[in-house]
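The values are calculated or read from the model by the stated rules, or taken from the named source; none is laboratory data. Predicted, not measured: the structure shown is a model, and the values here were computed from it. No Cβ is skipped: glycine too gets one built from the backbone with ideal geometry, and neighbour counts run over all protein chains shown. Heads up: the accessible areas ignore ligands, DNA and RNA and are worked out on the full protein's heavy atoms, side chains in. Shrake-Rupley method; radii C 1.70, N 1.55, O 1.52, S 1.80 Å.
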Amino acid sequence: MNPPQSTVKPKQLDVERIRADFPILKMDIGGKPLVYLDNAASSQMPQQVIDRLVRYRSTQHANIHRAVHTLSEVATAAYEEARRKLARFINAREEREVIFTSGTTEAINLVMHGFGRKFIGAGDEIILSTLEHHSNIVPWQMLAEEKGATIRVVPIDNSGELQSGAYEALFNPRTKFVAVTHVSNALGSINPVKQMIAHAHARGVPVLLDGAQAAPHLAIDVQDLGCDFYAFSGHKLCGPTGIGILYGKAAILESMQPFKGGGDMILSVTFEKTVYNAIPHKFEAGTPPIAAAIGLGAAVDYLSAIGMDAIAAHEQHLLDYATAELARLAGVSIIGTAANKAAVLSFVIAGVHPHDVGTLLNQDGVAVRTGHHCAQPVMQRFGLPATSRASFAFYNTTAEVDALVAGIRNVQKVFT
Amino acid sequence: MHWWPGFAMFRRFSHESQRLMADPKALYQEVILDHNRKPRNFGRLDHASHRAEGHNPLCGDHLSLALNVEGDSVAGITFEGESCAICKASASMMTVAVKGKTRQDAQQLIDEFRAMATGELDCGSAPHHLGRLTVFAGMRDLPTRVKCAILPWHTLHAALNSVASTSTESNDDPMNAPIGNA
Ligand SMILES: Cc1ncc(COP(=O)(O)O)c(C=O)c1O
């Protein structure tokens with residue numbers, strides 16, 4: 001385990017003030033104050049985002065990119081403004097490189113269909129890692145099956161770190177694509193993606209990063225990373241469900257075939273020939289989740305105002321504290337001890353199944369995730385059916401870590 | 001009966017969400033903890049006449065059930081596998097309950113247990129044969145855990161009907177509970 005590595009301290013978060021923005025954090029669960037530690041599954045929404053959704057729905061709603069009436073223009077402007085905010089949030093070169101999707105899963109499927117089905121063929125190889133969420137495995141398996149391509153998997157070591165030597169050794173002239181997670185949802189490992197991308201690019205291989213767990217916790221700069229695609233979900237970023245983005249480099253997006261056909265993604269349609277619209281609209285068929293996109297825009301405004309560096313620093317502090325506290329508990333093992341970790345703490349309690357842990361912690365108001373976290377290859381790697389996972393957000397406190405620790409002691413008491 | 005077998009349970013959960021906050025400590029009663037610690041009839045059964053595997057892919061619970069049916073009677077029954085305390089205790093108590101029973105009586109227990117766990121059978125008012133198995137009645141207030149308690153019974157149903165493998169997520173099985181996720 002690594003000691004905290006704070007060098008220059010970014011500005012301290014006023015966590016109590018931040019918590020006041022989140023109505024749900026005032027809730028009781030069965031008479032106990034809610035201790036929400038399932039942020040890697042979905043994080044909570046501040047009043048600012050809720051208010052933005054209400055404002056859109058009560059004063060701005062209309063379909064976009066269509067009519068000339070005022071509401072449609074207002075809605076279109078708000079939707080495109082949200083795209084601009086997202087582009088700025090990840091430092092995309094151009095707004096049209098940001099495609100609204102329903103979430104990370106759809107973003108990855110878009111790349112599989114739009115890029116994979118066009119450019120990957122029989123005998124080609126796709127590199128994934130052991131740490132992938134099922135949503136970054138299954139689409140590629142479907143593609144491999146359809147095309148006769150092969151999936152190669154980067155192994156991890158016992159701490160949950162990707163083995164970079166093994167990654168580099170997987171490359172050969174048939175390697176056509178790399179799809180890896182930026183941060184592991186099951187273990188929290190932050191992967192050395194910048195070096196991985198550089199290695200792939202030196203061989204002409206494009207790279208997709210699954211940023212579902214990274215975007216909420218780290219400042220993302222897609223130009224600095226150099227990735228060809230970056231995907232994440234709004235609901236893990238204090239935004240609504242049903243929205244996410246796919247960032248793609250403009251030239252690659254332009255070379256791809258559309259994913260879904262329908263309205264908005266075309267310039268002209270006759271039964272003889274249909275001309276597709278330009279990016280990003282080419283990939284946004286049909287009426288998009290307009291409110292959700294605008295809500296996500298408000299969420300990134302909210303996060304940016306706090307500052308992603310300050311968020312990352314506070315979460316690192318929580319992780320270090322929680323790691324130290326859990327390490328002191330006999331019978332509790334932390335799964336995933338990579339040197340570079342996001343605020344995800346997977347653990348098992350000797351003799352107690354994670355599902356029983358989850359049910360009993362809930363009794364104390366503590367919400368954690370239990371199960372395989374949609375990352376069964378990770379569980380198999382550690383020979384576990386499941387773990388319990390506490391995942392922290394910037395609005396969590398060390399007092400909440402204490403509640404988790406007390407809850408774990410209770411579980412152990414029940415099961416002695 | 002509604003066309004969807006889980007309708008009654010769905011309706012119950014959606015209308016009584018307040019009850020989801022019920023005290024789960026009541027669930028982890030000593031009898032359940034005891035069967036979890038010292039599961040009865042745990043292990044292999046040589047020369048079994050019926051076997052089935054039960055899986056709950058959502059939480060990773062896995063159970064192998066072996067039966068020795070002699071004539072019309074469940075003469076022997078054992079289970080193995082890895083699962084949460086609720087599932088293991090349910091399996092252990094199930095083996096105790098059905099051992100020596102006729103196939104018909106075992107099937108009746110399966111039906112009653114399922115009805116109790118999904119809230120369709122109120123053990124306080126309706127007649128039943130569940131005995132100590134009523135410690136699982138609280139499951140009906142924990143929709144995400146119902147499947148853990150039902151899995152062994154689900155698997156017993158499969159074994160008695162010579163289905164080799166069953167899953168809480170298979171759509172063709174009427175035992176399938178409709179909600180709950182990991
Ligand atoms: C690493 C990772 N990738 C992808 C996903 C899928 O995200 P969504 O379900 O929002 O599409 C998740 C969410 O659980 C995740 O943690």
| said: When you check A:Tyr321 against the structure, is it over 30 Å from B:Arg37 (Cβ atoms) and surrounded by fewer than 19 Cβ atoms within 10 Å (Cβ to Cβ), yes or no? | reply: yes
| task | Identify, from the list A:Ala403, A:Ala393, the residue that is more than 22 Å from B:Leu33 (Cβ to Cβ), more than 14 Å from chain B (Cβ to nearest Cβ) and under 24 Å from the mean Cα position of the chain (by Cα). | result | A:Ala393
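Yes/no per residue for (1) away from the ligand (no atom under 16 Å from the Cβ); (2) of a type in the set (S, T, N, Q); (3) within 14 Å of chain B (Cβ to nearest Cβ):
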position: A:Gly103; (1), (2), (3): no, no, no
position: A:Lys118; (1), (2), (3): yes, no, no
position: A:Ser135; (1), (2), (3): no, yes, no
position: A:Ala149; (1), (2), (3): yes, no, no
position: A:Ser159; (1), (2), (3): yes, yes, no
position: A:Ser164; (1), (2), (3): yes, yes, no
position: A:Pro173; (1), (2), (3): yes, no, no
| field | Answer residue from the stretch A:120-133, given it is more than 16 Å from the ligand (Cβ to nearest atom) and among the small types (Gly, Ala, Ser) and is nearest to the chain's Cα centre (by Cα) among those | value | A:Gly121
| In the stretch A:23-39, what residues are within 14 Å of another protein chain (Cβ to nearest Cβ), open to solvent by less than 60 Å² (accessible area, probe 1.4 Å) and farther than 11 Å from A:Gln363 by Cα? | A:Asp38
| Looking at (1) on the phi > 0 side of the Ramachandran plot; (2) touching a residue at least 40 places away in the same chain (Cβ under 8 Å); (3) more than 16 Å from the ligand (Cβ to nearest atom), can you tell me which one A:Gly204 breaks? | (2)
| field | strands (runs of 3 or more DSSP E) contained in the stretch A:208-282 and holding at least 2 residues within 16 Å of the ligand (Cβ to nearest atom) and touching a helix residue (DSSP H, G or I) at 6+ places or on another chain (Cβ under 6 Å) | value | A:229-233, A:244-248
| Take the residues of the stretch A:336-391 that are in contact with a helix residue (DSSP H, G or I) (Cβ under 6 Å, 6 or more places away or on another chain) and among the charged types (D, E, K, R): which is farthest from the ligand (Cβ to nearest atom)? | A:Asp364
| Within the stretch A:13-44, how many residues turn out to be touching a Phe, Trp or Tyr at 6+ places or on another chain (Cβ under 7 Å) and either closer than 21 Å to A:His235 by Cβ or at pLDDT 95 or above (or both)? | 8
| query | Tally time: how many residues in the stretch A:78-101 are within 16 Å of the ligand (Cβ to nearest atom) and among the aromatic types (Phe, Trp, Tyr)? | reply | 1
| note | Selection over the stretch A:40-73 where residues are part of a loop (DSSP other than H, G, I, E, B) and either within 14 Å of another protein chain (Cβ to nearest Cβ) or not polar (S, T, N, Q) (or both) yields a count of 13
| field | Extreme residue, nearest to the other protein chains (Cβ to nearest Cβ), among residues of the stretch A:342-369 that are in contact (Cβ under 8 Å) with a residue 40 or more places away in the chain and open to solvent by 20 Å² or more (accessible area, probe 1.4 Å) | value | A:Gln363
| Selected residue (only one of A:Ile90, A:Ile126 is in contact with a helix residue (DSSP H, G or I) (Cβ under 8 Å, 6 or more places away or on another chain), surrounded by 17 or more Cβ atoms within 10 Å (Cβ to Cβ) and farther than 30 Å from A:Gly295 by Cα) | A:Ile126
| query | Can you name the residue in the stretch A:137-147 that is assigned to a helix (DSSP H, G or I) and open to solvent by 20 Å² or more (accessible area, probe 1.4 Å) and, of all such residues, is nearest to the ligand (Cβ to nearest atom)? | reply | A:Val138
